[in-house]
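The values are calculated or read from the model by the stated rules, or taken from the named source; none is laboratory data. Everything quoted here is computed from the prediction, not taken from an experiment. Cβ: placed from backbone, ideal geometry, glycine included. Neighbour counts: every protein chain shown. Quick note on the areas: whole protein, heavy atoms, side chains included, nothing else; ligands and nucleic acids left out. Shrake-Rupley method; radii C 1.70, N 1.55, O 1.52, S 1.80 Å.
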Amino acid sequence: MGANTSLPDGVDEKSSIDYPVTSKIGLDAKNEGLQSDVVVKCDGEIVSQSHRLVLSAFSHRFKNDLLAKEQQPLITLNYKGIPKEALKEVIDFCSTGQYKFSQSLLEAARFLQCEKLIPLLENAMDVPSSSSTINETVTDPRHAANFLEALCQMRIDGEFTGVDPCQVSLPTNSV
């Protein structure tokens, strides 16, 4: 591994681990046998279940909302004014790193302050419309690394200290 300047302060190269680029992080946790501790609703209707560390790693809005309720063992977040399907797609991105461009997904990513997803979607908009990438499912090759970096930063910042990160699994997905 060469020098990596994208690691958070306090995390050195020796403590980082190479993971497969395509990883699934707790997607549909109840079906995967992983622990989910967040229920996400849209206008009162359940959209998905996930783990607070997964959601917080990829969305500043999720992170702030979850930190406000950090001591609760099971957290329910209810959002209004965002399309249900777009909210589910953002949660799926948080879990898998996969996305399919849509304007509603971009708007949801902006609403939820997903700093890793927004540029990916904006770049997809810059691709000529004849390109097939707009209609394809795309995988962020840095997703697993971004997740681990966010976990390290949360630990450094003293956030979610009562949450065991070992409850979140990184099973490999072959593409």
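At 37 °C and 0.692 mPa s, grab the translational diffusion coefficient of segment 43-164 from Stokes-Einstein with a Kirkwood Rh over Cα pairs, rounded to a whole number in µm² per second. Working shown, then result.
Details: Rh = 15.1 Å.
Rounded to a whole number, D works out at 218 µm²/s.
How much area per residue is accessible in segment 70-153 when the probe is 1.4 Å and only protein heavy atoms are counted (Å²)?
Numbers: 4230 Å² over 84 residues.
Heavy-atom accessible area per residue stands at 50 Å².
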Extension gain HIS60-THR161, at 0.36 nm per residue separation less the Cα-Cα distance, in nm?
34.6 nm
Rg (Å, one decimal) plus Dmax (Å, integer) for the alpha carbons of segment 85-126?
8.8, 25
At q = 0.22 Å⁻¹, work out log10 I(q)/I(0) for segment 63-107 with the Debye formula, treating every Cα as an identical point scatterer and leaving solvent out; two decimals please.
-0.87
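Pick out, in residue order, every one of the chymotrypsin sites (Phe, Trp or Tyr not before Pro) in segment 29-91 that is DSSP loop and has at most 15 other C-beta atoms within 10 Å; say none if there are none.
Numbers: sites: PHE58, PHE62, TYR79; in loops: none.
Answer in residue order: no site qualifies.
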quick shape note, segment 36-98: Cα extents on principal axes in Å, largest first -> 29, 26, 19
